[in-house]
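So the structure is just underneath, and the comments pick up after that.
No value in this document is a laboratory result; all are computed from the given coordinates. Treat the numbers as computed from the prediction; the structure is a model and nothing was measured. Note that we place each Cβ from the backbone using ideal geometry, even for glycine, and neighbour counts take in every protein chain shown.
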Amino acid sequence: MEKVHIIIIEDEQRLARVIKKQFELEGFKVDIANDGYVGKQMIETNTYSLIILDINIPVINGYDLCKEIRKSNKEIPIIMLTALGAPDNKVTGFDAGADDYVLKPFDFRELIARVNVFLRRSDKTPKTERLSIADLEMDLNTRTVTRSLKKIDLTAKEYALLNMFLSNQGKILSRDFIIDKVWGIDFDPGTNVIDVYVNYLRKKIDKDFYPKLIHTKFGFGFYCNEKEI
């Protein structure tokens with residue numbers, strides 16, 4: 001059976017080697033890059049199933065590298081591994097296209113659990129090639145979104161959020177549900193990241209269109225529907 005191939009982009013060489021060894025003991029194939037430029041080159045020449053990315057790395061920082069990766073690959077899971085734990089840092093990371101955010105110091109068991117969550121999700125084949133509501137369409141193969149035939153550019157996290165809404169049309173989704181489906185396990189529900197991203201999404205898919213599709217049920221959560229429930 002072919003090993004899952006991942007890359008760790010981390011300038012703390014000792015830490016990178018320790019993480020690499022632990023993942024190899026779990027059966028992974030692991031590459032290391034110690035700066036953002038080398039990491040970018042390796043990602044462009046190899047096929048990886050997942051990226052573990054530090055933020056404070058030389059040449060190209062983690063935020064900028066994440067944005068570069070997302071220009072050509074919106075699907076590969078990216079986990080940011082960093083000591084920067086302020087809410088603004090997390091929002092910036094998610095906005096750059098990260099799928100998860102793990103703070104140093106960390107327990108390796110938690111990191112491997114998060115990695116396995118994303119790898120299981122990546123293995124699932126979509127049941128349908130398109131999701132739609134009203135005049136909004138999402139193509140799951142090309143990962144493009146249009147409304148009234150107008151293309152709408154979304155970040156990776158906005159795309160994941162919209163996908164979750166379209167896959168659960170008419171259902172009121174709690175914050176805990178959204179955190180689990182879009183941000184992964186053990187994300188702090190006390191931050192306003194969900195509100196921030198719902199607002200981002202509304203500005204792009206609802207602001208200049210009718211009917212409005214993303215609604216809030218105060219005290220309960222959010223939902224996607226052509227009419228308010």
**Complete:** Dimensionless Rg/Rh of the stretch 5-123, both radii on Cα and Rh by Kirkwood, sits at 0.91
**Request:** Using packing as a proxy for protection, rank 53-65, 96-108 so that the peptide with the highest average count of other Cβ atoms within 10 Å comes first.
**Result:** 53-65, 96-108
**Message:** Could you list HIS215, HIS5 so that the one with the fewest beta carbons within 10 Å of its beta carbon is first and the one with the most is last?
**Reply:** HIS5, HIS215
**Segment THR142-ASP206, length gained on full extension (0.36 nm per residue, minus Cα span)** = 20.9 nm
**Debye log10 I(q)/I(0) for the stretch 29-85, one point scatterer per Cα, at q = 0.16, 0.17, 0.22 Å⁻¹** = -0.43, -0.48, -0.84
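Calculate, in whole percent, how much of the Cα-Cα pair population of the chain lies beyond 26 Å.
Distances greater than 26 Å cover 39 percent of the Cα pairs.
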**Request:** Please give the length that would be gained between ALA134 and SER167 if that part of the chain were fully extended, namely 0.36 nm times their separation in residues minus their C-alpha to C-alpha distance (nm, one decimal).
**Result:** 10.5 nm
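Using only Cα atoms, what Kirkwood radius does the stretch 130-224 have, in angstroms?
In the stretch 130-224 this quantity evaluates to 13.6 Å.
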